[in-house]
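> Sending over a structure as structure tokens; questions will come in a sec.
Every number here is computed from the coordinates shown, using simple stated rules; none is lab data. Being a predicted model, the structure only gives us computed values, none of them experimental. Quick reminder, even Gly has a Cβ in these numbers, built from the backbone with ideal geometry, and neighbours come from all protein chains shown.
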Amino acid sequence: MLKHFITLEWKSFVRSASFGSNMVLKIFMILAGLYFIALFLLLGAGSYYMLEENNLKPFPTITTFLIYYFFADILIRFFLQKAPVMNIKPLLFINIRKNSIVNYALGKTLLSFFNVTHLFFFIPFSVVLMVEGFAPLGVMSWLISMLLTVFAINYLNILINKKDSLLYGIGALVGLIGVSQYYSFFDLTLYTGRYFSALYETPWLIIVPLALFIGLYSVTFGFFKKNLYLDAGLATKHEVAKTEELTWLNQFGTLGTFLKNDIRLLKRNKRSRMTIGMSVLFLFYGLLFFTNSIEAYQAPLWKIFAAIFVTGGFLLNFGQFVPSWDSAYYPLMMSQNIKYRDYLSSKWWLMVIATVISTLLASFYLYFGIEVYLAILVGAIYNMGVNAHIVLWAGAYIKTPIDLSSSKNAFGDRQAFNVKTLLLALPKIVLPLLLYGIGYYTVSANFGFALVAGVGVIGFAFRNKVFTIIEKTYKSEKYQALAAYKQKN
Amino acid sequence: MIQVTNLSKTYNGTTVLNIENLEIKKGESFGLVGNNGAGKTTFFSLLLDLIQPSTGHIISNNVQINLSENWKPFTAAFLDESFLIGYLTPEEYFYFIGELRGQNKADVDALLREHQDFFNGEILNNKKYLRDLSKGNQKKVGIIATLIGNPEVIILDEPFANLDPTTQIRLKNIIKKLADNPEVTVLVSSHDLLHTIEVSNRIVALEKGRIVKDIHTNEETLQELETFFAL
């Protein structure tokens, strides 16, 4: 049975549309993965000695902060780890026990990058512990407990992804603990620290994380199994639809026609609503930089970095998936009476409007001084003049179909925000940093701003020229895109 | 109206379509029949520039399809559900297509009223998005949407599949009416010989990408086609 599942999985992986066309991206992701593994290895092996050098007792310090390590893990997983996707429907009526289907779908998540990286921290750390004379039995018990906890979190994350109530509950709990720790009402680490070191001192306590793991696994198992019906977890929920005329957009002609659709697209699909949520979060990203609360972020270059993100949240999140947002009905778009230029410029306008709105909303940054807001304005100009074009142009090459409705599915992928997204955002950020850096270090900060804004304005001026190039790219990529969009996941 | 010259489509050495010469006249009602894999959908996809020809070209109303986009204003098509926008209500979808084809809301409303019985009360004002409609109802929406804006070329791939018997009869009437209009060229593909014969005045049978029959419909057509396909 397992053999069948594994061959199916392997085939769906190697035969997916994104595998062939995005080889460069794959290599990038592998490199990033290796980087993280190296980092964790270093941390695992080195942290003991680093702590010792700082006159801290290594093991107690680690056990104290472990709880926050795990909290951070939950957070990272929530945003980056995808829920297990397996094409379940065709398997339901075949001679396979439901238990095997669910066990497999859940079991394979253990092999995820997000679990494996922890091994690279805990294993070297445990080796160091043994070398330093800690009792081998205790260390083994501790190590296994840690891994069980990581795996338990893996399933907790899957549940959080499926049940919104759990998400809010845990979010509130973590927030509460954080706040009470900050104001020293209640120090959770005292208790959890004792628990985590007890796992070493009293090896039989391993049954606690074991019970936690088994408990969470069976809850997740039960949840998935219960929902393994066409009219339950696998059913598409029907929303009550309301026709929206949006007649005020009619004055913009063809542009208005497309904008209407894009607004409906954003409103009515979970995947795209997630994008808007991310954009709002990006708006507050600047707080990390402009409040001077983090020392490392006070270098001048970070200002422009923050400004690009604050004003470009929507542009970066939405724009890079143009035209994939329309992948489900791309053949329609390609055979209807639509000119590429109209289609592209409506997307461009949407991004520009969103950037303007973000810039207006970001006016609360004026509180941190006029210079901060100046940086944001400059970032906005650069976003509209240059990045809006870059994302449209790059989009022509991204041929990953987006399944807008899959987020409604208990087994669908839900995260609109993934590692790929982050990687593709990089080139749009490095250039303005470079420009600002050149200006800042040769003449002055204002000259740096002028350089970045200047390039933005030049981008505006060449809009028609750039659009012609983008249009050509879309035309030449059209047939490949159509073929790729035909494959769903 | 449509002139096909030396058209072929090859995937990895397998030729799936090879039409040396085919002329479809203006006002013709053209039926395309053939078994699975005969190349019907490939031909329609080439007509809509959704795939590129390996050799040859199609000229529709003096526009070469793979070179210019000017065939779009007078061509309408429904091949499959990828021609529907799932998150729209049927009304929004019709108005969207209408706006693209230069029709105002009143024009679209008039057309919808004309086809009210075709919808059988299950489409309009039903508080459902297209993605939540059944396959048959989705098809009804797609077919009616091709009529918006008086296109001169209408392409329907397997329009009868998934439809209930009543709707099939109504659809036949709609296509017959279009066929009577000398300005409109209708292209319909189907597995169902009887339906195709009823609505078309010319039938072309494809086999392995080649034209094997090209007949003007008469009383013996069904007999002829059945003998041909009964192998």
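> Can you give the angle from 0 to 90° between the axis of helix A:188-201 and the longest principal axis of chain A, with both taken from C-alpha atoms, to the nearest 10?
That works out to roughly 50 degrees.
> Can you give the extra length, in nm with one decimal, that the chain gains between A:Phe79 and A:Leu301 once fully stretched, where that is 0.36 nm per residue apart less the Cα-Cα distance? Working shown, then result.
On the way: separation 222, 0.36 × 222 = 79.92 nm, distance 2.66 nm.
Length difference between fully extended and current span is 77.3 nm.
> Something else: Of all the stretches in chain A, which is the longest one without any exposed loop site, taking chymotrypsin sites (Phe, Trp or Tyr not before Pro) in a DSSP loop (any state but H, G, I, E, B) with at most 11 other Cβ atoms within 10 Å? Could the numbers behind the result be given before it?
Working: sites that count: A:Phe93, A:Tyr183, A:Phe185.
Answer - A:186-489.
> Any lysines with Cα under 23 Å of the A:Lys242 Cα? List them, leaving off those in the same chain fewer than 8 positions away.
By straight Cα distance, A:Lys242 reaches A:Lys260, A:Lys267, A:Lys270, A:Lys408, B:Lys105, B:Lys127, B:Lys128, B:Lys135, B:Lys139, B:Lys140.
> Per residue of chain A, what 222 nm ellipticity follows from adding -39500 (n - 2.57) for every DSSP H run with n ≥ 4, rounded to the nearest 500? Don't skip to the end; give the middle numbers.
Values: 22 runs with 348 residues, N = 489.
One gets -23500 deg cm²/dmol as the mean residue ellipticity at 222 nm.
> Once fully extended, how much extra length lies between A:Leu39 and A:Ala483, figured as 0.36 nm per residue of separation less the alpha-carbon to alpha-carbon distance?
Numbers: separation 444, 0.36 × 444 = 159.84 nm, distance 3.95 nm.
Roughly 155.9 nm would be gained on extension.
> So what's the net charge close to A:Gly448: Lys and Arg +1, Asp and Glu -1, counting the other residues with Cβ under 12 Å from its Cβ? Intermediate values should be presented prior to the final figure.
Numbers: positive: A:Lys303; negative: A:Glu371.
My count for the surroundings of A:Gly448 gives 0.
> Relative to the longest principal axis of the C-alpha atoms of chain A, give the angle of the C-alpha long axis of helix A:270-285, reported between 0 and 90° and rounded to the nearest 10°.
It is inclined by approximately 80 degrees.
> A follow-up question, please. Residues with beta-carbon under 15 Å from that of A:Val386, excluding A:Val386: net charge, scoring Lys, Arg +1 and Asp, Glu -1?
Values: positive: A:Lys428, A:Arg463, A:Lys465; negative: none.
Once positives and negatives cancel, what remains is +3.
> May I ask for the net charge around B:Gly149, where only other residues with Cβ less than 15 Å from the Cβ of B:Gly149 are counted and Lys, Arg are +1 while Asp, Glu are -1? Could the numbers behind the result be given before it?
Numbers: positive: B:Lys72, B:Arg101, B:Lys105; negative: B:Glu99, B:Asp107, B:Asp109, B:Glu114, B:Glu152, B:Glu183.
Surrounding charge for B:Gly149 is -3.
> In degrees from 0 to 90, rounded to the nearest 10, what is the angle of the helix B:90-100 Cα long axis to the longest principal axis of chain B?
That works out to roughly 60 degrees.
> Looking at chain A, identify the longest residue range that excludes and avoids all trypsin sites (Lys or Arg not before Pro) in DSSP loops having at most 13 other Cβ atoms within 10 Å.
Details: sites that count: A:Arg15, A:Arg97, A:Lys163, A:Lys237, A:Lys242, A:Lys339, A:Lys488.
The longest such stretch corresponds to A:340-487.
> With runs of 4+ DSSP H residues as the only contributors, calculate the mean residue ellipticity of chain B at 222 nm using -39,500 (n - 2.57) per run, divided by the residue total and rounded to the nearest 500. Each step should come with its number before you reach the end.
Values: 8 runs with 76 residues, N = 231.
Only helices count here, giving -9500 deg cm²/dmol.
> Taking every residue in A:477-483, how many Cβ atoms of other protein chains lie within 10 Å of its Cβ, on average? Write out the running numbers ahead of the final one.
Working: counts 0, 4, 5, 0, 0, 5, 2.
Rounded to a whole number, the mean comes out at 2.
> In chain A, which longest range has no GluC sites (Glu not before Pro) that are both DSSP loop (not H, G, I, E or B) and surrounded by at most 13 other Cβ atoms within 10 Å? Write down the numbers at each step before the final one.
On the way: sites that count: A:Glu132, A:Glu245.
Free of exposed loop sites, the longest segment is A:246-489.
> Could you tell me the relative contact order of chain B? Use alpha-carbon pairs under 8 Å, at least six residues apart, and round to a whole percent. Could the numbers behind the result be given before it?
Values: 409 pairs, mean separation 66.5, N = 231.
Worked out over chain B, it gives 29 percent.
> Restricting to the protein assembly as shown, compute how many DSSP beta bridges are antiparallel as a %, nearest 5. Intermediate results must be reported in sequence, preceding the final value.
Details: 22 of 41 bridges.
Antiparallel bridges make up about 55 percent of those DSSP assigns within the protein assembly as shown.
> Can you tell me, using C-alpha contacts under 8 Å and at least 6 residues apart, the relative contact order of chain A as a whole percent? Walk me through the intermediate numbers first.
Values: 519 pairs, mean separation 87.7, N = 489.
Reported relative contact order: 18 percent.
> One-quarter of the Cα convex hull surface for segment A:247-485, in nm²?
Details: hull surface 56.2 nm².
Averaging across all directions leaves 14.1 nm² for the Cα convex hull.
> Can you compute the modelled spin-label distance between A:Leu287 and A:Thr61, with each label point 7 Å from Cα toward Cβ, in nm?
Result: 3.0 nm between the two label points.
> Continuing with this model, one more query. What number, in percent, do you get for the relative contact order of segment A:2-235 if the mean sequence gap of Cα pairs under 8 Å and at least 6 apart is divided by its residue count? Spell out each step's value before the answer.
On the way: 174 pairs, mean separation 62.3, N = 234.
Once divided by the residue count of segment A:2-235, the mean separation gives 27 percent.
> Roughly how many debye, to the nearest 20, is the charge dipole of segment A:2-235 about its Cα centre, given +1 on each Lys and Arg Cβ, -1 on each Asp and Glu Cβ, and no other charges? Each step should come with its number before you reach the end.
Working: 16 positive and 9 negative charges, 254 e Å.
Its charge dipole is roughly 1220 debye.
> Peptide B:83-94: average number of partner chain Cβ atoms within 10 Å per residue?
Numbers: counts 7, 3, 9, 7, 14, 9, 6, 2, 4, 9, 4, 0.
Per residue, the average neighbour count from other chains is 6.
> Kindly work out what percent of the DSSP beta bridges joining two residues of chain B are antiparallel, to the nearest 5.
55 percent
> Roughly speaking, what is the centre-to-centre gap between segment B:162-231 and segment B:5-65 when only Cα atoms are used, to the nearest Å?
The distance from the Cα centre of segment B:162-231 to that of segment B:5-65 comes to 17 Å.
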